[in-house]
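Take a look at the structure below.
The values are calculated or read from the model by the stated rules, or taken from the named source; none is laboratory data. All values reported here derive from a predicted model rather than from experimental measurement. Here the Cβ positions follow ideal geometry from the backbone for every residue, glycine too, while neighbour counts run over all protein chains shown. The protein model used for the area step is the full one, side chains on, heavy atoms only, and it has no ligands, DNA or RNA in it. Shrake-Rupley method; radii C 1.70, N 1.55, O 1.52, S 1.80 Å.
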Amino acid sequence: MLNAVAYDAWILHALIWLPLVGALGLFLLPESRAKEFAFGWTGGIFLLSLGLLVQFDPGGALFQFTSTATWIEMWGVSYSLGIDGISLFMILLSTLIMPIAVLGSYNYIKEREQGFYALLLLLQTGIVGVFASMDLFLFYVFFELTLVPMYFIVGIWGGERRIYAAVKFFLYTAAGSLLMLVGIFYLYFQAWSVTGAPSFHYLDLVGTPLSFVEQLWLFAAFGVAFSIKVPVFPFHTWLPDAHVEAPTPGSVVLAAILLKLGTYGFIRFLLPFFPLAAGHATVIAVMLGLAVVGIIYAAWVAAVQPDAKKLVAYTSVAHMGFVVLGVFALTATGIQGALIVMISHGISTGALFLLVGMLYERRHTRLIEDFGGLAQVTPLLATAFVITALATIGVPGTSGFVGEFLALLGAFERHPVMAALAATGVIFAAYYMLPMVQKILFNSLEREENRTLPDLDRREVAVIAPLVALMIGLGVYPQPVLERMEPAVQAVVQHVEGGTVDWAGQGVLGSDQEEIAYDPIRSVGAEPAGSDR
Amino acid sequence: MGFTEHLVLPPAVSLLGAGWAPAAQGAAYEPFLPGLILLLPLLGFLLNGALALAAGRRSADRIRSGGAAAEGSVEPAGRMLPTWIGPGVVGVAFLLTLINFGRMLGVELNEPVIRSYWTWMGTGNLNVEAAIQLDPLSMVMMMVITGVGFLIHVFSVGYMKEDPGYARYFAYLNLFVFFMLTLVMGANFPMMFVGWEGVGLCSYLLIGFWFHDRPKADAGKKAFIVNRIGDFGFLVAMFILFATLGTLDYVGVFEAAPEAFVYGGGIVTAITLFLLLGATGKSAQIPLFVWLPDAMAGPTPVSALIHAATMVTAGVYLVARSSVLFALAPAGSVAVATIGALTALFAATIALQQVDIKRVLAYSTVSQLGFMFLGVGVGAYAAGVFHLMTHAFFKALLFLGAGAVIHSMHHAFHATHKDWDAQDMRNMGGLRRFMPVTWITMWVATLAIAGIWPFAGFFSKDEIIWASGAAARGGFEFIYTGLWVVALAAAVLTAIYMTRLMVMTFHGPSRAGEEEEKHLHGAPLTMTVPLIALAVLSVFGGWVNVPGSIRESFFGGFGLLPMSDWLDRWLAPITADAQAVLLAELGPVADQAPVGGGHVFWGAVATVVATAVVILTARSIARAGTRPAIEEGLPEGGIRKLLYNKWYVDELYDRIVVRPTLGVSRWAWRVVDQLLIDGTVNAVGNVTRGVGWFGSLFQTGQVNTYAFILTLGVLAVLGVLIL
């Protein structure tokens, strides 16, 4: 059915440009209809994007839905799109979060609605563009495009210190981006000198021969840019400020999607472009070290935050630590775990920001101590909050566990001490999350103001329910996601390890993939890998 | 013998993806709807959960319209459905378990039956199936969980009748049974971990069931966080297992382990020690026992089910399940046994001076779990599981009995508005006149836990103590001997603190007050029937594993008790590989106590001593008399004060762990984050100057215009470039 409408040919273009069309359309409508239109538009885009799940062939080529058109011929810039199993789920996460963020801002955004939703839609164009680009120049344009709408969203609809937060966010990330731009050009000219033809296309750049020292410098340039975006400790201090000041939907998009641009960059560009640097023991040690410090340090700092939103912001830093750990484990299991953490964090932290936003709309405070006993008056909110909190701290049966478990397991094979240290994060996660849950939902209903708080209404249930369902669904049955990611991840791992990867074709795997996926006792007895004899 | 000798991968394995594959070829045991055993409690949780949410919303409406927070009880109509669903699903699950047990009983089971439903996590070289494993060990656990669980669900109908959170209570309790069954039925370590953390979650929710009461919510939180320290150990153990063996399935791990690990090697020792850390968390052993006494904040049937009969025994199950690994790691096993014996003694000393009836039982549980650890630590895996089972009977009975007592005391004090503690034994006394069924059944349980022949606890505890002394072999004789002495001392203390509890509660004059006595009442049928059922089990439950030597001496001539060593033989397929390792490495057991004497002799001594201790303690406490709590001050000094205050372990942990962590956290935030990092950033970026310029953009109020221009601009730039 989807083939009949040539879905594969236009879907990526539609997912990128339809939001922009919607942003224009917003200005043709009266202000009062802006939010309904934005919700309908983003919701429709989400439904469209679901076809990707059906059409993406897990056993097919590494990159699918590819298309390319010349853009600036003399520089070799092309408008090339295409997705693999990694970007597939990043795009689906983005198209899912957008309508939820819109629906979640109905009560929060009360002024200049057209502008707000237009910026949100513009942001979506940038985000999906980043994940769908196969041309580095195009990628960079979209990457920068995400910056501007977010800057305005924080700066205009934010809280009291919004200007400071917006500027800090902008300068931090713009500084990183500039470094990356320099790196991109170096890589581009290097590739040009080798191949004799200018090109920014991913497949033309990915095998570019670079000396180890060159790789190290370029790794640093790209790495810092992405690390700021993630953010990796110690580049994280823009995040709590931006989150606290941003309006709820801004925080949701920031945490759920924008942070993933950084970790996506690690996997998509940093590892394949600079395998010598990424595979170097010292580089790995540094990255893993920063990841572990981030996990533990951010958890500690989160635990003593009086502001619920700031607490959630710091937990993002801790979660991104697990992602970095999984990525630089450089094992398939580790990277797949990292990707699941990315998705899971998008869902559960997005939900947490929405819930904190709902509390804020009711009480106009985010201070944890202003609440208490809410489970008695808002049972639905409390139930959603508790399930989300459990997913955040990685209780098995939720998506959080699958991601952290795989990331840690993948890391442990190569770096047992680092992984074991990172695993203490499960203790500290309980240490930051449970006191907040208790202080907000449990204890006695001491404050008179809290006795009359309304429970979730239908719209709010519609906002939170799909996220809660996904947390549990992904925790119980993540395999459909994992198996679609596997070929792309294996390609990256093989490439870093010096193996040959057919980037334009099926990557490394081919047909023995089936065997790996379905033989549960494959490794029993056959080859006990190591022993302490 | 063990599974592994017969390990022919069943053809079903290749069909695992399809689930519900036919049973393995050659295995005569045909499981009957095993998945339903798991599914039913989950279904119960969902239904009760929906009812609970509806009830919660009604109650919230009352609060919003000015009612009191935790006021009012459920209307009888609102109790109807949870009453049938809650115990109902567990009852049916028990029946299904019985059927499966019956089927397994009749056949020779050479290999576990594995049912795989879907691939849970498959990445790279990892493959974890959502699979359950049915074998003798999981069957024993399932019987205890669904059987004792059902009785406790029934008891709860009466106990929780007037609680406004009635449906929520059964929702959590059903969810707990689901996770506990997952823990014991899972076919690989990650599945066990699902149950492992799941029961911890339910424990958290149920300890803090009355969450509006801050100390209770605190206790739930403490339980969860302390348990997570243990869970960290479990996780790391799994990581090491996977890194060395490449699989996390039980079948794969236990088959590969003897080949892959050298006896006493570093890796297998590390695995067992990390598993032990996990076990000490869940099973409340030194050093992570501190959460369990606080967990008594939950409703008393919860204490019976979760904090006595099932969840806290998960650590024992873990060691028994991984017996091959522990057998390969003598240092790990000795650590298990040592921690068990020390915990048994340490907790028993604290129980001596507690005045809250539930706290006595809580420390008693910690102590008895110590015995189980001692058992599985010295290689008597079946004995550990045996004590786990009998303890589930008599300790659940003790908790439920205590629940009945508290229920009655609470009513009496409530009726007369007396501000006394309904759980303080000093306020009780003479209750045997008002609640005879509770009185008699609790005495049965007391004699059982004290280890008096022929009650259930005699056989199980005796076997552990015997094993710790008699199993001395290899290079650890002196440690085993020491543990044997410690265990004997702890056993004597057990008899003392339990007798003290019974005498203070049920004997002597009533101290509740004359007016209050009129309101003291016996328990309703839903509460007494489970008590009686558990009392029967507390007597006869031990007879399933009467040691051969004792049977010959006492019963042989009468042809009674044909089931000698039945449980040992039943569990043999699980423990055989471990026993083979122990036999090969350490040689046969000594089969006599460290100071000489055979099993029968020491069994007789134990019973005589325990009986004497019970009688002497009862007389001395009765003679000394007890005064109500308000008349009796706190212990003023010396060892009594130390024990009353639980050796100040909580205070110690607060000083050396809790407060420093908080301090470091605040320092990290204020100094590292705000001062160092952010200070540097602000200085470098000179953000403040940028603020002036960028900020001016927002001053005009023409934001919609900006957004519009921005959108147009993007389009225009792209348009120009494309064309």
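Quick notes
- Condition met for A:Thr349 (more than 17 Å from the chain's Cα centre (by Cα) and either surrounded by 23 or more Cβ atoms within 10 Å (Cβ to Cβ) or not assigned by TED's automatic domain parsing to the domain that holds A:Gly207 (or both)): no
- In segment B:496-520, residue surrounded by the fewest Cβ atoms within 10 Å (Cβ to Cβ) [restricted to those that are part of a helix (DSSP H, G or I) and out of contact with any Leu (no Cβ under 9 Å at 6 or more places or on another chain)]: B:Glu514
- Residues that are of a type in the set (S, T, N, Q) and open to solvent by 10 Å² or more (accessible area, probe 1.4 Å), drawn from segment A:399-455: A:Thr424, A:Asn443, A:Ser444, A:Thr452
- Residues that are in a helix (DSSP H, G or I) and not charged (D, E, K, R) within segment B:211-225 comprise B:Pro215, B:Ala217, B:Ala219, B:Gly220, B:Ala223, B:Phe224, B:Ile225, listed in sequence order.
- Restricting attention to segment B:226-265, the residues that are part of a helix (DSSP H, G or I), more than 7 Å from chain A (Cβ to nearest Cβ) and open to solvent by less than 10 Å² (accessible area, probe 1.4 Å) add up to 10.
Matching residues to (1) open to solvent by less than 50 Å² (accessible area, probe 1.4 Å); (2) under 26 Å from the mean Cα position of the chain (by Cα); (3) assigned by TED's automatic domain parsing to the domain that holds A:Val493:
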position: A:Ala14; (1), (2), (3): yes, yes, no
position: A:Val21; (1), (2), (3): no, yes, no
position: A:Leu28; (1), (2), (3): no, no, no
position: A:Thr42; (1), (2), (3): yes, yes, no
position: A:Leu50; (1), (2), (3): no, yes, no
position: A:Leu53; (1), (2), (3): no, yes, no
position: A:Phe63; (1), (2), (3): yes, yes, no
position: A:Ile86; (1), (2), (3): yes, yes, no
position: A:Ile91; (1), (2), (3): yes, yes, no
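- Checked against (1) in contact with a Leu (Cβ under 8 Å, 6 or more places away or on another chain); (2) away from every other protein chain (no Cβ under 14 Å), A:Val182 passes all but a single condition, namely (1).
- Restricting attention to segment B:412-433, the residues being of a type outside the set (Phe, Trp, Tyr) and not in a helix (DSSP H, G or I) number 11.
- Cβ pairs under 8 Å, 6+ apart, first in segment B:283-308 and outside any helix (DSSP H, G or I), second open to solvent by 10 Å² or more (accessible area, probe 1.4 Å) and acidic (Asp, Glu): B:Val290/B:Asp650; B:Pro299/B:Asp163
- Breaking point among (1) over 16 Å from B:Ile271 (Cα atoms); (2) within 8 Å of chain A (Cβ to nearest Cβ), for B:Gly195: (2)
- Enumeration of residues in segment A:145-163 that are open to solvent by less than 20 Å² (accessible area, probe 1.4 Å) and of a type in the set (Val, Ile, Thr): A:Thr146, A:Ile153, A:Val154, A:Ile156
- Scope segment B:92-129; condition farther than 30 Å from A:Gly410 by Cα and open to solvent by less than 10 Å² (accessible area, probe 1.4 Å); matching residues: B:Ala93, B:Thr97, B:Asn100, B:Met104
- Selection status of B:Thr390, free of Cβ contacts under 8 Å to residues at least 60 places away in the same chain and open to solvent by less than 10 Å² (accessible area, probe 1.4 Å): no
- If you go through segment A:482-498 and keep only what is open to solvent by 20 Å² or more (accessible area, probe 1.4 Å) and either assigned to a helix (DSSP H, G or I) or within 13 Å of chain B (Cβ to nearest Cβ) (or both), you end up with A:Glu483, A:Arg484, A:Gln490, A:Gln494, A:His495, A:Val496, A:Glu497.
- When A:Phe235, A:Phe200 are checked against the criterion of being touching a residue at least 60 places away in the same chain (Cβ under 8 Å), closer than 30 Å to A:Met74 by Cα and assigned by TED's automatic domain parsing to the domain that holds A:Trp71, A:Phe200 stands alone in meeting it.
- Checking B:Phe274 against (1) open to solvent by 10 Å² or more (accessible area, probe 1.4 Å); (2) within 7 Å of another protein chain (Cβ to nearest Cβ); (3) not aliphatic (A, V, I, L, M), the condition it does not meet: (2)
- Positions within segment B:62-102 being out of contact with any helix residue (DSSP H, G or I) (no Cβ under 8 Å at 6 or more places or on another chain) and modelled with pLDDT of 90 or more, in sequence order: B:Trp84, B:Leu95, B:Ile99, B:Gly102
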